[in-house]
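K.L.:
Handing you a structure now.
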Amino acid sequence: MKQIIECVPNFSEGRNPQAIRQITQVIENVEGVTLLDVDPGKATNRTVVTFVGAPDAVIEAAYQAIVMASQVIDMSKHSGEHARMGATDVCPLIPVSGITLEETAEYAVKLAKRVGDHTDIPVYLYGAAQPQSYRKDLSIIRSGEYEGFFKKIKEDKWKPDYGPAVMNAQAGATVIGARDFLIAYNVNLNTKSTRIANRIAFDVREAGRVQRIGNQYVGEIARDDQGEPIRIPGSCKAVKAVGWYIEEYGIAQISANLINYNITSIHTFFEEVVKSSTERGIRVTGSELVGLVPLKAMLDAGRYFLQKQERSIGVSEKELIHIAVKSLGLDELGPFVPEKKIIEYAMRNASDSPLINMTCAALADETASESMAPGGGSISAYVGTLGAALSAMVANLSANKKGWEDRVEEFSGWAQKAQEIKDKLLFLVDEDTRSFNGIIEALRLPKETTEEKALRKEAINKASVYAAEVPLEVMQTAYTCFEPLRYMVTHGNPNSITDAGVGVLCILTAMEGARMNVLINAKDLQEDDANRLRSAANELIQNGRNQRDDLIGLVDKAL
């Protein structure tokens, strides 16, 4: 698997578009790096940049950006709502695929050493890259901020990991590290009071607040036997949060870092803020994401709010995201564009899946053209997606049927299963064409020498086996849809039984077409591979035909 890491540097400039552009330009100039997001904030005077790529390319781009930031940002003149200590305030590396957090930390150390060796910027390691436990936490390292670091950096305890032990007046100091994915998330309040916002933040963040004797706000701090302040923990684990006022919006916000969204999700945090705010006479009006968010976090939020509404969760990704955006108010301060804000979508290249990104008319026209692909294999997979979509439709109609309110969960599960089958078959629409193109590429390999001929023959055989395995996977995936379709025919909304029947016919058509492609692609394979593929396809199609006959018989009887 290809190694990919994400880098999310925070630069202490959110008001000067030219300076921000100079920084992002050097990132884009590095080959092998994709710039995903640039999110400036005027009130915080801070810009969060997100880019991804192979590890070596990412740390090259990060280094160039850190150098450029030190030239175009003057920290001696900087002011903003967010805590900061340097022009490049923090530069985390995050594993995305094919690489562990520990391996990512090694790249963070490599980057930090290069900055320390070749610039006048003091560098601190944090997170997984920092071996000393007391220096792992970013907020502890940054305590005192830019102004306080001229003194702090001289303390033995706070000597930089790399670079000079002298504060850089213009560039400040930089923190570089490695961490898991963190969601930067702000919740909007209908107040300008930072004091109230902080009280709400103390209610919800893991660290909570210090316990006081008497008056909870100004009373004497309660201490334990060792003299340490006693803390009242907040309601959300793995969350850091503060309250602040954002002048450009004219509102106070709860600004949070969700350190592990699998422990505290976006929707859980949002609901806890709503609860605390309501108790204090404050109303939550919306929220915003700073930088990018994982797709799973948005889908989980969509399902959560649909369940609260007692509706089926077996809807499309697009609908789940729409529900999440509207329920969390993510579009209150500006448009929420999934293609730009969800990391998987931002990384997605439309050219990787050209067929499923077409309109129905365009796909029909492309199929009708003189090109050999897309052909019967891709169309078979697409017909299967329509069968699965009909299955999901009937399940959702059943879940929302008047008088069946107690059956929402029952049909929601079937709708979700059908959606999963639909999504897998959609992937196979393009994968079938990609597998065919793989054979063409193998045929074009050089064949001048004996070695080249052997390599070409091996490549052709490998591509041909895969070209037969893809339609077999279409058959296998499509066949699993008979289970939800049978439930819809026998237990679903009777007004939609013909829709389920059409779904059955689509599924068998997909299987019949895919079987033809298995057989033709297996013709020239080695005997063992050919027999294995033919046997599996023939067994599946017989089972599929039996399912079709039985289910269509039930539909006809009902009609």
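K.L.:
When you look at residue 432, is it touching a Gly at 6+ places or on another chain (Cβ under 9 Å) and either among the acidic types (Asp, Glu) or surrounded by fewer than 20 Cβ atoms within 10 Å (Cβ to Cβ) (or both), yes or no?
P.N.:
Considered against the rule, which asks whether it is touching a Gly at 6+ places or on another chain (Cβ under 9 Å) and either among the acidic types (Asp, Glu) or surrounded by fewer than 20 Cβ atoms within 10 Å (Cβ to Cβ) (or both), residue 432 comes out as yes.
K.L.:
Let me ask something else about it. Please enumerate the residues belonging to segment 453-479 that are surrounded by fewer than 22 Cβ atoms within 10 Å (Cβ to Cβ) and of a type in the set (A, V, I, L, M, F, W, C).
P.N.:
454, 455, 459, 460, 463, 465, 472
K.L.:
Do we find a residue being within 18 Å of residue 319 (Cβ to Cβ), at pLDDT 95 or above, assigned by TED's automatic domain parsing to the domain that holds residue 477 and aromatic (Phe, Trp, Tyr) anywhere in segment 407-424?
P.N.:
Checked segment 407-424: at least one residue is within 18 Å of residue 319 (Cβ to Cβ), at pLDDT 95 or above, assigned by TED's automatic domain parsing to the domain that holds residue 477 and aromatic (Phe, Trp, Tyr).
K.L.:
Next up: Cβ contacts < 7 Å: first residue under 10 Å from residue 105 (Cα atoms), restricted to segment 123-140; second residue among the polar types (S, T, N, Q), any location; separation 6+ or different chain. Result?
P.N.:
Listed by first residue and then by second, the contacts come to nothing, as the list is empty.
K.L.:
Continuing with this model, one more query. Quick one: in segment 178-198, of everything that is within 31 Å of the chain's Cα centre (by Cα) and not in a strand (DSSP E or B), which residue is surrounded by the fewest Cβ atoms within 10 Å (Cβ to Cβ)?
P.N.:
Looking at the filtered set, the residue picked out is 190.
K.L.:
Return the residue satisfying two criteria in turn: it lies in segment 37-83 and is part of a strand (DSSP E or B) and of a type in the set (Gly, Ala, Ser), and of such residues it is surrounded by the fewest Cβ atoms within 10 Å (Cβ to Cβ).
P.N.:
So the residue we want is 41.
K.L.:
State yes or no: is residue 95 outside the structural domain of residue 293 (by TED's automatic domain parsing) and at pLDDT 95 or above?
P.N.:
Answer is no for this residue.
K.L.:
Mind checking which residues of segment 266-293 are without any contact (Cβ under 8 Å) to a residue 24 or more places away in the chain and of a type in the set (Gly, Ala, Ser)?
P.N.:
281
K.L.:
Look through 310, 344, 319 and report the one residue that is surrounded by fewer than 21 Cβ atoms within 10 Å (Cβ to Cβ) and modelled with pLDDT of 95 or more.
P.N.:
319
K.L.:
For the subset of segment 386-421 comprising residues that are over 13 Å from residue 480 (Cβ atoms) and of a type in the set (Ser, Thr, Tyr), which member is surrounded by the fewest Cβ atoms within 10 Å (Cβ to Cβ)?
P.N.:
If we take residues in segment 386-421 being over 13 Å from residue 480 (Cβ atoms) and of a type in the set (Ser, Thr, Tyr), then 412 is surrounded by the fewest Cβ atoms within 10 Å (Cβ to Cβ).
K.L.:
A further question follows. If residue 172 meets every condition in (1) on the phi < 0 side of the Ramachandran plot; (2) touching an Asp or Glu at 6+ places or on another chain (Cβ under 9 Å); (3) crowded, with 22+ Cβ neighbours inside 10 Å apart from one, which number is that one?
P.N.:
Tallying (1) on the phi < 0 side of the Ramachandran plot; (2) touching an Asp or Glu at 6+ places or on another chain (Cβ under 9 Å); (3) crowded, with 22+ Cβ neighbours inside 10 Å, residue 172 fails exactly one: (1).
K.L.:
Is it true that residue 243 is in a strand (DSSP E or B) and either closer than 27 Å to residue 295 by Cβ or not aromatic (Phe, Trp, Tyr) (or both)?
P.N.:
Numbers: in a strand (DSSP E or B): yes; either closer than 27 Å to residue 295 by Cβ or not aromatic (Phe, Trp, Tyr) (or both): yes.
Yes.
K.L.:
Test residue 496 against the stated conditions and say whether it is touching a helix residue (DSSP H, G or I) at 6+ places or on another chain (Cβ under 9 Å), within 18 Å of residue 430 (Cα to Cα) and hydroxyl-bearing (Ser, Thr, Tyr).
P.N.:
In short, no.
K.L.:
Anything in segment 84-111 that is of a type in the set (D, E, K, R) and in a helix (DSSP H, G or I)? List them, or say none.
P.N.:
The answer is 102, 103, 106, 110.
K.L.:
Taking segment 509-559, which residues are outside any helix (DSSP H, G or I), aliphatic (A, V, I, L, M) and farther than 23 Å from residue 485 by Cβ?
P.N.:
Hit for segment 509-559 is 525, nothing else.
K.L.:
Is there a residue being closer than 28 Å to residue 290 by Cβ, surrounded by 13 or more Cβ atoms within 10 Å (Cβ to Cβ) and polar (S, T, N, Q) anywhere in segment 209-218?
P.N.:
No, there is no match, as no residue in segment 209-218 is closer than 28 Å to residue 290 by Cβ, surrounded by 13 or more Cβ atoms within 10 Å (Cβ to Cβ) and polar (S, T, N, Q).
K.L.:
Here's something else I'd like to know. Filter the helices (runs of 4 or more DSSP H) completely within segment 321-421 down to those with at least 1 residues that are touching a Gly at 6+ places or on another chain (Cβ under 9 Å), in contact (Cβ under 8 Å) with a residue 24 or more places away in the chain and of a type outside the set (A, V, I, L, M). Walk me through it before giving the result.
P.N.:
Numbers: elements: 338-341, 343-347, 360-368, 376-399.
Because the criterion is at least 1 residues that are touching a Gly at 6+ places or on another chain (Cβ under 9 Å), in contact (Cβ under 8 Å) with a residue 24 or more places away in the chain and of a type outside the set (A, V, I, L, M), the helices (runs of 4 or more DSSP H) in segment 321-421 that meet it are 338-341, 376-399.
K.L.:
Among the residues in segment 374-384, are any aliphatic (A, V, I, L, M), in contact with a strand residue (DSSP E or B) (Cβ under 8 Å, 6 or more places away or on another chain) and surrounded by 20 or more Cβ atoms within 10 Å (Cβ to Cβ)?
P.N.:
no
K.L.:
Please go through (1) buried (at least 24 other Cβ atoms within 10 Å of the Cβ); (2) within 17 Å of residue 8 (Cα to Cα) for residue 106 and return the number of the only condition it doesn't satisfy.
P.N.:
Of the numbered conditions (1) buried (at least 24 other Cβ atoms within 10 Å of the Cβ); (2) within 17 Å of residue 8 (Cα to Cα), the odd one out for residue 106 is (1).
K.L.:
While we're here: Checking the structure you have, find out if any residue of segment 147-155 is touching a residue at least 60 places away in the same chain (Cβ under 8 Å), outside any strand (DSSP E or B) and assigned by TED's automatic domain parsing to the domain that holds residue 59.
P.N.:
Within segment 147-155, one or more residues are touching a residue at least 60 places away in the same chain (Cβ under 8 Å), outside any strand (DSSP E or B) and assigned by TED's automatic domain parsing to the domain that holds residue 59.
K.L.:
Among the listed residues 75, 85, which satisfies the condition of being closer than 25 Å to residue 144 by Cβ, at pLDDT 95 or above and in contact with an Asp or Glu (Cβ under 6 Å, 6 or more places away or on another chain)?
P.N.:
Working: 75 fails: in contact with an Asp or Glu (Cβ under 6 Å, 6 or more places away or on another chain).
Residue meeting the stated conditions: 85.
K.L.:
Follow-up question, since we're still on this one. Give 450, 480, 490 a once-over and let me know the one that is in the same structural domain as residue 383 (by TED's automatic domain parsing), polar (S, T, N, Q), under 30 Å from the mean Cα position of the chain (by Cα) and farther than 20 Å from residue 519 by Cβ.
P.N.:
So the residue among 450, 480, 490 that is in the same structural domain as residue 383 (by TED's automatic domain parsing), polar (S, T, N, Q), under 30 Å from the mean Cα position of the chain (by Cα) and farther than 20 Å from residue 519 by Cβ is 480.
K.L.:
Next up: Does segment 497-505 contain at least one residue that is within 38 Å of the chain's Cα centre (by Cα) and over 24 Å from residue 379 (Cβ atoms)?
P.N.:
yes
K.L.:
Could you say which residue among 33, 38, 49 is under 19 Å from the mean Cα position of the chain (by Cα), closer than 20 Å to residue 138 by Cβ, hydrophobic (A, V, I, L, M, F, W, C) and assigned by TED's automatic domain parsing to the domain that holds residue 138?
P.N.:
So the residue among 33, 38, 49 that is under 19 Å from the mean Cα position of the chain (by Cα), closer than 20 Å to residue 138 by Cβ, hydrophobic (A, V, I, L, M, F, W, C) and assigned by TED's automatic domain parsing to the domain that holds residue 138 is 49.
K.L.:
Examine segment 483-493 for a residue that is modelled with pLDDT under 95, in a helix (DSSP H, G or I), out of contact with any Gly (no Cβ under 8 Å at 6 or more places or on another chain) and surrounded by 20 or more Cβ atoms within 10 Å (Cβ to Cβ), and state whether such a residue exists.
P.N.:
No, there is no match, as no residue in segment 483-493 is modelled with pLDDT under 95, in a helix (DSSP H, G or I), out of contact with any Gly (no Cβ under 8 Å at 6 or more places or on another chain) and surrounded by 20 or more Cβ atoms within 10 Å (Cβ to Cβ).
The values are calculated or read from the model by the stated rules, or taken from the named source; none is laboratory data. Treat the numbers as computed from the prediction; the structure is a model and nothing was measured. We place every Cβ from the backbone using ideal geometry, glycine too, and count neighbours over all the protein chains shown.
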